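Beneath this line is the structure, given in C-alpha cells, with notes to follow.
The values are calculated or read from the model by the stated rules, or taken from the named source; none is laboratory data. Values in this document were obtained by computation on a predicted structure and should not be read as measured data. Backbone-built Cβ (ideal geometry, glycine too); neighbour counts: all protein chains shown. Surface accessibility is based on the protein's heavy atoms, side chains included, excluding ligands, DNA and RNA. Shrake-Rupley method; radii C 1.70, N 1.55, O 1.52, S 1.80 Å.
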Amino acid sequence: MRGNEKTNNGLTIALSKGRMQDDALEIFGRAGIAVDEADLHSRRLLVKSADQRFNFIFVKPSDVPTYVEYGVADVGVCGLDVLMESRADVHEPLDLLIGRCSIAVAGRREVVGQDYNLLATVRVATKYPRIATAYFQERGIPIEVVTLSGSVELAPVLGLSDRIVDLVETGRTLKENGLEVIDIITESTARLIVNRASFHLKRAIVRDLVNELTKVL
Ligand code: PRP
C-alpha cells in the first residue's frame, strides 16, 4: 500500500460523488463521523472528518472500487452494481441499505416479450458491459455490446441498440422514454468495501468502523 502525505494515518474513505454521497455521509454522521459543512460545500475532493481521524475522498462512483483495491483508500462506499462490474478484489463486510436500485434489461414497449432468436445479434447498450455480457452469455444469447457512459435510454429510442442494461431507480427515465423493464438482473444497494491489506493491517479501526456503522443502520 502506498503512503501519501495528503492523508493522515487514520482511515481513508472513498465516497461516490453524486446521488449516494449525501446518504452515505448521513450514515457516517450518525456514527459520529462528521464532515464540516464548509468542506462539504467546497470543491475539495479530499477532506478530513471534523475529528481529523478520517480522510474522505470524493470520486466517480465507478472509480470507488479502484481506489480501494489499490489501497489508496482503505474503505469505500459503492453500489453492488459498480462492484459487480468492476470485479475488484476487496472485502465487502456491510450492506449499507441505501442507494437501492435494480440493474435491468429494458427495451422499447413493442419488443417486450419478443423472442431473442428473431434477431441475428442482439445489440445491447450499457454502462455495465461485463454484467450485460454475463447475463446474455448465461442464456446462450449472442450479443454485441455498445458501451456508453450515460443517457443509455436514448440508445433504443434512436435505434442504436435493441436492448439496454441499466440502473433503474424510480423507473421514471425508462417510462418517459417509452421503455419497459424486460428482466431484473439484480437488485443493488450500497456496500461498504475494504481494501484486503487494510482489513488486516488496520484491523482494529476497520472493525470499530464496521461496528459503529452497523449500530446506526
Ligand atoms: C441513472 C441510470 C438511469 C437513471 C435511472 O443515470 O443510468 O439513466 O439513473 O433513474 P430512474 O429510474 O430514477 O429514472 P444517471 O442519473 O446516473 O445519469 P447518466 O444517464 O448520465 O448515467
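Numbers for the structure displayed
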quantity: Condition check for ASP89: touching a Ser or Thr at 6+ places or on another chain (Cβ under 7 Å), outside the structural domain of LEU174 (by TED's automatic domain parsing) and surrounded by fewer than 20 Cβ atoms within 10 Å (Cβ to Cβ); calculated: no
quantity: Selection within segment 169-180 - under 23 Å from SER62 (Cα atoms) and either more than 10 Å from the ligand (Cβ to nearest atom) or in contact with a Leu (Cβ under 9 Å, 6 or more places away or on another chain) (or both); calculated: THR173
quantity: Single residue of ASP166, ASP183 found to be within 26 Å of PHE136 (Cβ to Cβ), among the acidic types (Asp, Glu), open to solvent by 50 Å² or more (accessible area, probe 1.4 Å) and within 16 Å of the ligand (Cβ to nearest atom); calculated: ASP183
quantity: In segment 120-129, residue nearest to VAL168 (Cα to Cα) [restricted to those that are open to solvent by 20 Å² or more (accessible area, probe 1.4 Å) and more than 16 Å from the ligand (Cβ to nearest atom)]; calculated: ARG123
quantity: Search result, residues across segment 132-163 that are assigned to a loop (DSSP other than H, G, I, E, B), more than 6 Å from the ligand (Cβ to nearest atom) and not polar (S, T, N, Q); calculated: ARG139, GLY140, ILE141, PRO142, LEU148, LEU158, GLY159, LEU160, ASP162
